[in-house]
1. For region 394-448, give me every one of the helices (runs of 4 or more DSSP H) that falls completely inside it and has 3 or more residues that are of a type outside the set (Ser, Thr, Tyr), in the same structural domain as Gln358 (by TED's automatic domain parsing) and touching a Phe, Trp or Tyr at 6+ places or on another chain (Cβ under 8 Å).
2. Check whether at least one residue in region 248-259 is assigned by TED's automatic domain parsing to the domain that holds Gln165 and in contact with a Leu (Cβ under 7 Å, 6 or more places away or on another chain), and report yes or no.
3. Can you tell me which residue among Asp89, Asp106 is over 17 Å from Ala369 (Cα atoms) and out of contact with any Phe, Trp or Tyr (no Cβ under 9 Å at 6 or more places or on another chain)?
4. If you go through region 62-119, how many residues are farther than 20 Å from Ala305 by Cβ and either in a helix (DSSP H, G or I) or of a type in the set (A, V, I, L, M) (or both)?
5. Pull up region 138-186, narrow it to residues that are β-branched (Val, Ile, Thr) and in a strand (DSSP E or B), then point me to the one that is farthest from Gly221 (Cα to Cα).
6. Might you check whether a residue that is crowded, with 24+ Cβ neighbours inside 10 Å and assigned by TED's automatic domain parsing to the domain that holds Gly433 occurs anywhere in region 367-380?
7. Please verify whether region 370-391 includes one or more residues that are acidic (Asp, Glu) and within 30 Å of Ile351 (Cβ to Cβ).
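The values are calculated or read from the model by the stated rules, or taken from the named source; none is laboratory data. Since the model is a prediction, treat every value here as computed from it, not as a measurement. FYI the Cβ positions are ideal-geometry reconstructions off the backbone, even for glycines, and counts take in every protein chain you see.
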Amino acid sequence: MIPHSIRTPELTLLKPSSVTAVILVVLLIMPIVADESTVFIERQQSFTKADEVLLPAQDYVWQEINGFCAWAATTMAMQYAGVDFTLYDVFAASTIGFSFAYFQFDDTLLMFPGALYSQVEPTQFLADLYGVNYTLYVGDTTPALEQNVQVWQSEGIQVGILEGQTDAFDLMRDTIDRGYPLLISIDPAWLPAYDYDFLRAEGLEGGAHGILIVGYNDTEGSATILDPGVGSFGENFGYPDDGRGNYTKITYTSLNTGWSNRYYISNTFTPGTPPTTTVDSRLGPMIRDKLLGVGSIYSPNSPNALVGKFGEVGFRQMSKDITTEGLKSFLSVFDGVDDEINFKASLLYFIGLGLEAQVTLQYLSYRTALVSLPSLMSETDLSDFVSAGDDALPAFENIVDNSSLIFPGNMSQSMGFVANTFLDIAEAFNASGDIDTTLAPYESTLDSISADLLIIADSWRAAGNALAEIWPKDFLTVYGPVLAFAVGGVSVLIIVVVWWMRKKPSQ
């Protein structure tokens, strides 16, 4: 949906403190660092194809909306590696279309569609599924480098370390010389297309965006890129018919600045050994567990597996939290903070804006993945699964709206029902300062949103169980929590018995 009207909010919203982690809108190019200096960049005025050191063209994949850059770039990289994929196939085969994560504890409220919650692990799964060699490269100045590398390697991900610009550019040349593109993360303020002018105008840096490098020219000092993000937001929303994202040049200076701002994060995809198992037998159980919210699948070896709510469990918990009682409980954590009323009003709006944006991203990936999956799993009858999964679509559609994704950070352009409902609530609370009085008129509306989230949860549970009929969950997955509880109970009993026997007088 494209908004047709503009509403200017009366409420002056605060930015939540860094201590209060309320991540509600995590967008493709949302800037996170404001620099007082002007960002200078060589703007490309015409969009013509470069004529030197280029890889042969593959189908250009547009990401369609803000938030799917990495997956559109991955789709093109997989095509170069020999896998005939669409973006929707990637949503399905990586399982991100069937994944959702939710965290609500203490002063934290986090919502993550599958496309944003985790990218490295689903990419590795996707590559393994189709016999593609995948390697992740990161710069040696990456924060918490050693810990991250240990985690990735423990999950079977091959990781390379780049020691600055020389290593990064050598990787670019070597990958392209072998006939494959390099997928990198770049600060979009340094990309040539006019779509990023608003970042430059505000002197903003620090965002993250996925592109492919498909050519280089050392004599000219330029690289050639595929940018799936142009046209995905702002007033210029729409497919880039002028070709400005397809085989366009960027100077080495701008490339290095934008790439180094993202710690030279890079990804290679090359043909590997064909898998020995069928797609169906690996993909089906993984989607089953993603839908049913198995935490250890979402966050292997991580405490997040215990703290978070995933899949249908996440939507089910959200349905409880997006109610008058749930909102009051969350806001009570902030009793007594500075400028309490305005701070809580800001949180209320950010909750609604985030709910709308994140569920919209989930809906777009889920809806298209649901359509693509049967062709990817052609050996399996998925009719019951698809039927159960379709039940979520009307509930999704009651919540979603594209405007907050197309206009990142521009509250006046957020025209969706959910975002505007929460804006009304925020303004009313800011005026009255009484949460009970504020929420009372909106109780039925919030109950309706809650009911839609519950319908999504029920649909995902039914779809996951439909896959469990084909691939029954293994014994440890089903009974592991019960066994852990039982083992814990037996351990306590043994301790008590030993303590009692030691206390008892000897005969």
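1. 417-432
2. Filtering region 248-259 down to residues assigned by TED's automatic domain parsing to the domain that holds Gln165 leaves 248-259.
Right, trim to in contact with a Leu (Cβ under 7 Å, 6 or more places away or on another chain) and you get 250, 258.
Yes: region 248-259 contains one or more residues that are assigned by TED's automatic domain parsing to the domain that holds Gln165 and in contact with a Leu (Cβ under 7 Å, 6 or more places away or on another chain).
3. Details: Asp89 fails: over 17 Å from Ala369 (Cα atoms).
Result of the check over Asp89, Asp106: Asp106.
4. First, the residues of region 62-119 that are farther than 20 Å from Ala305 by Cβ: 62-93, 97, 107.
Then keep just the ones that are either in a helix (DSSP H, G or I) or of a type in the set (A, V, I, L, M) (or both); that gives 65, 69-81, 83, 87-93, 97.
Of the residues in region 62-119, 23 are farther than 20 Å from Ala305 by Cβ and either in a helix (DSSP H, G or I) or of a type in the set (A, V, I, L, M) (or both).
5. Going residue by residue through region 138-186, those that are β-branched (Val, Ile, Thr) are 138, 141-142, 149, 151, 157, 159, 161, 166, 175-176, 184, 186.
From what is left, the residues that are in a strand (DSSP E or B) are 138, 159, 161, 184, 186.
Details: Val138: 23, Val159: 28, Ile161: 24, Ile184: 18, Ile186: 18 Å.
The qualifying residue farthest from Gly221 (Cα to Cα) is Val159.
6. Initially, region 367-380 is screened for residues crowded, with 24+ Cβ neighbours inside 10 Å, giving 369, 373.
The next check asks that each one be assigned by TED's automatic domain parsing to the domain that holds Gly433; those that pass are 369, 373.
Looking for residues that are crowded, with 24+ Cβ neighbours inside 10 Å and assigned by TED's automatic domain parsing to the domain that holds Gly433, one finds at least one in region 367-380, hence yes.
7. Of region 370-391, the ones acidic (Asp, Glu) are 379, 381, 384, 390-391.
Those still in the list that are within 30 Å of Ile351 (Cβ to Cβ) too: 390-391.
Yes: region 370-391 contains one or more residues that are acidic (Asp, Glu) and within 30 Å of Ile351 (Cβ to Cβ).
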